[in-house]
Amino acid sequence: MSDLVHLTKDNDIAIITINNPPVNALSPGVPEGISQAIEQIDSDPAVKAAVLIGGGRTFVAGADIKEFGKITRGENKRGVAFLPLLLRIEDCSKPVVMAIHGTAFGGGLELAMAGHYRVAVPSAQVGQPEVKLGIIPGAAGTQRLPRLAGVEAAVQMCADGNPIKADKALKLGIIDKLIEGDLLAGAVAFAREIAGKPAPKTRERNQKLGTAEGNAPIFAAARENANKKQRGMMAPQAAIDAVEAATKLSFEEGCEAEQKLFVECLFSDQSKAMIHVFFGEREVSKIPDIPKDTPIIPVKSAAVVGAGTMGGGITMNFVNAGIPVLLKETDRAALDRGLATIKKNYANSVKRGRFTQEFMDQRISLIRPTLSYDDFGGVDMVIEAVFEGMALKKEVFGELDRVCKAGAILASNTSTLNIDEIASATSRPESVIGTHFFSPANVMRLLEIVRGKASSKEVIATCMQLSKTIGKVGVLVGNCRGFVGNRMFGPYRREAQFLVEEGASVEAVDKALYDFGMAMGPLATGDLAGLDVGWRIRKEYRHLEKPGERQPLAEDQLCEMGRYGQKTGSGWYKYDENRRAVPDPEVAELVAKWAAEAGIAQRQISSEEMVDRCIYALVNEGARILEEGYALRAVDIDIVYLNGYGFPVYRGGPMWYADTIGLKKVYDRIKKFHQQHGDIWAPAPLLERLANEGSTFDAYDKERLAKG
Ligand code: 3HC
Ligand code: NAI
């Protein structure tokens, strides 16, 4: 038997233990090991029943995701061959009890459903999360789950990919019994109880499959929901098709239908992109010069300076994680306003059923409002979120230096200012770091952690870990203007504006990028964030603009007219009282007039050009950032864009998308834009090199990783 699977006995009960840390994935060797164990159990007359359990922290968390890349690259010819094993378990002459703790996900739940019974600890979770990897269950999950849980629950679990907790799984019939206390002992006792009795085979349990008429509205609703919530993704629709096959075909035919859909999804660009994202989200937490065992500073209490748009959301993140916050403002009115917004946000979540009133009250009780720095000496970390301005930031940091205890982390939420200059206002620059949250800070998953030149390893490691504690994806970035995300966003939005000035309509540009998969078009995004934000920054940095370089001409003039976007009722669009965007013919006329005055030729522009101009502007700037070392890896840039800027996950992020298109093709197109539009389109040297070498950003990441 393989080292990954062990067979032992507790008198008449056989125990199969899977030992493939960290998550007992079904890597090569595991299915073979289980198969051999089942053969032995079948032929051993002393064994009356069996328990299958995961060693370590979890049951089986699914197929080994690393194998999928090998399959699509042709390095693994066997594919995912779990189906015969699952039939073998189901056909075992002794009942097999699956004992679940941790997570039974994907192939793990499929394995569990092939057992005759399932028991679980109350903290266990089960799910078919495959759609989050751009695939569907590939080992009869779409066929066995509706037989256990019913069609409606199965279609939902397979299409949205979200796990459910053990108590719900028990109610649905996925789990037969909850075990309090020791799982193995409970599972063995359960196995002894059912030994010798007829053992149900999931594949033969057709009672919950429903009728064609009853199921039709369930599938229609699931498809509509997936169209809305997982726009542009093929896997959710395929998962629904596969569950529907379960209701219309025999089990064997249903499995064949599922296999076909699984393979189609697995070989798609979407799945490759989403698998890249899965590993990328874990990769970003690895910082080459900061070892895993770097000491972490315990953050048991925090303070937030400024209870405005960002300070309020940041406070919510901390108290949601149970960390009390001292929230400081300059005057009572601002403090009351800030607290009222926080309460309103929580109340909305309570209304929508996301939180209970009790949860809200608990969280709010963790916020201590204040107008002074008096109690700052006790906190482990401060996040500054006052107005954007260097003089004010330095004043605040000077004060923090005076009042905070040694070792406290002093973080700034600045979006544009130099962290080193802010740190220079203190006597402890090693404790200063940027924590750049995204608006709305209580919702957006991205946290750019900005490394100052003196930020200590402990402070960086702590912020990286803290990002997880507060439910964010932390990405370490360097201290350049705009850091990673906003630095790239500049050229992206610049091109969107140029396109309008060259004759495209505002709506056409937004639609092209929305259809590409962006959560919102670039011009509508500007209206949402406030056009005045960029306008103010541009005014401040005007002296840095290169003479003769083309600058967008419309947005600043819209701001001069008081059209700041949604907050003033008009920007690129007009907004009704419900903040619904309506196209504004006045804007079209104004932009045409301004363009004519500037001598910009008008032409028909294809949506393909709109997408290329905006997305390749991201890619080109991303390549510069990467080469200059402000992002550690191309995948870090991808994770920033997916979590902070609404880039479609099924395209893997801008750098992965460029790899998918082919860097030579991207480079050639950028060279064309360079000829047409001048030096703002000069290709990034790294892009040029990789394109000429026939390489990819992904290969660049891997090469550097291998070199350490
Ligand atoms: N295959 C390969 N590696 C996996 C893996 C998997 N299924 N699941 C997790 N890992 C790796 C991670 O990459 C990470 O590696 P690293 O330490 O080198 O970065 C390590 O295991 C630990 O993972 P996490 O950091 O994510 O640990 P957490 O404790 O935070 O989360 C988890 C554990 C909830 C199991 C989470 O890892 C997870 O959701 N995993 C993916 C589960 C999944 O998608 N399963 C379905 C796979 S597809 C499938 O089964 C197809 C089938 O239908 C045929
Ligand atoms: P805001 O104007 O909504 O809030 C700033 C708050 O700080 C105000 O309530 C003000 O009274 C308070 N304040 C000013 N001086 C103070 C002091 N000395 N002590 C305590 N409170 C003080 O501003 P917003 O939008 O929340 O921005 C804050 C910071 O976050 C800025 O640095 C900004 O660049 C950054 N940021 C903003 C984003 C956004 O989308 N709004 C996104 C990411 C970062």
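The values are calculated or read from the model by the stated rules, or taken from the named source; none is laboratory data. Just so you know, these numbers come straight off a predicted model, no measurement behind them. A quick note on method: Cβ atoms are made from the backbone with ideal geometry, for glycine too, and the neighbour counts reach across all protein chains shown. Surface areas here come from the heavy atoms of the whole protein model, side chains and all, with no ligands, DNA or RNA. Shrake-Rupley method; radii C 1.70, N 1.55, O 1.52, S 1.80 Å.
For this structure, a couple of remarks:
- Averaged per residue, region 1-106 has 40 square angstrom of accessible surface, using a 1.4 angstrom probe with ligands and nucleic acids left out.
- Percent carbon-and-sulfur accessible area, region 631-671, ignoring ligands, DNA and RNA, probe 1.4 Å: 54
- Cα gyration tensor, region 540-602 - rounded (a/c under 1.5), prolate or oblate: oblate
- Amide H contacts for residue 15 (H built 1.01 Å from N in the peptide plane; partners 5 or more residues away or on another chain; cut-off under 5 Å): 8, 9, 10, 51.
- By accessible area, using a 1.4 Å probe on protein heavy atoms only, region 217-264 has 56% of its surface on carbon and sulfur.
- For the chain, the longest principal axis of the alpha carbon atoms and the long axis of helix 531-541 meet at an angle near 60°.
- Sorting 683-692, 345-354 by their mean Cβ neighbour count within 10 Å, with the most densely packed peptide first, gives 683-692, 345-354.
- Pairs from the table (300/472; 9/77; 168/229; 94/165) lying more than 26 angstrom apart at Cα are 9/77; 94/165.
- Start at zero, step by 10 Å, and the Cα-Cα distances of the chain spread as 3, 13, 20, 23, 20, 13, 6, 2, 0, 0 percent across the bins.
- Fraction of accessible area attributable to carbon and sulfur, region 80-176 (%, probe 1.4 Å): 58
- Axis of helix 183-194 versus longest Cα principal axis of the chain: the two differ by about 40°, to the nearest ten degrees.
- The fraction of Cα-Cα pairs per 10 angstrom bin, counted from 0 for region 197-342, comes to 9, 19, 18, 18, 19, 14, 3, 0 percent, rounded to whole percents.
- Acute angle (nearest 10 degrees) that the helix 390-403 long axis makes with the longest principal axis of the chain, alpha-carbon atoms: 60
- Backbone phi angles across region 626-638, fed through the Karplus curve with coefficients 6.51, -1.76 and 1.60 (θ = phi - 60°), yield HN-Hα couplings of 5, 5, 7, x, 7, 10, 6, 8, 4, 5, 4, 5, 4 Hz in residue order; Gly and Pro are listed as x.
- Between region 671-708 and region 624-646, the Cα center-to-center distance that results, in Å: 14
- Residues whose placed amide H lies under 5 Å from that of residue 472, excluding near-sequence neighbours: none
- Cut-off under 5 Å, modelled amide H: who pairs with residue 303 long-range: 326, 381, 382, 383
- Where N is the number of residues in region 480-603, Cα Rg divided by 2.2 N^0.38 Å: 1.02
- In the context of the full set of protein chains, residues of region 228-292 present 49 Å² of accessible surface per residue (probe radius 1.4 Å, heavy atoms only).
- In Å, descending, principal axis extents of the Cα set of region 1-126: 45, 33, 23
- Working ranking of peptides 639-652, 388-401 by packing, defined as the average number of other Cβ atoms within 10 Å per residue, highest first, is 639-652, 388-401.
- Proportion of all alpha-carbon pairs of region 3-52 beyond 18 Å (%): 27
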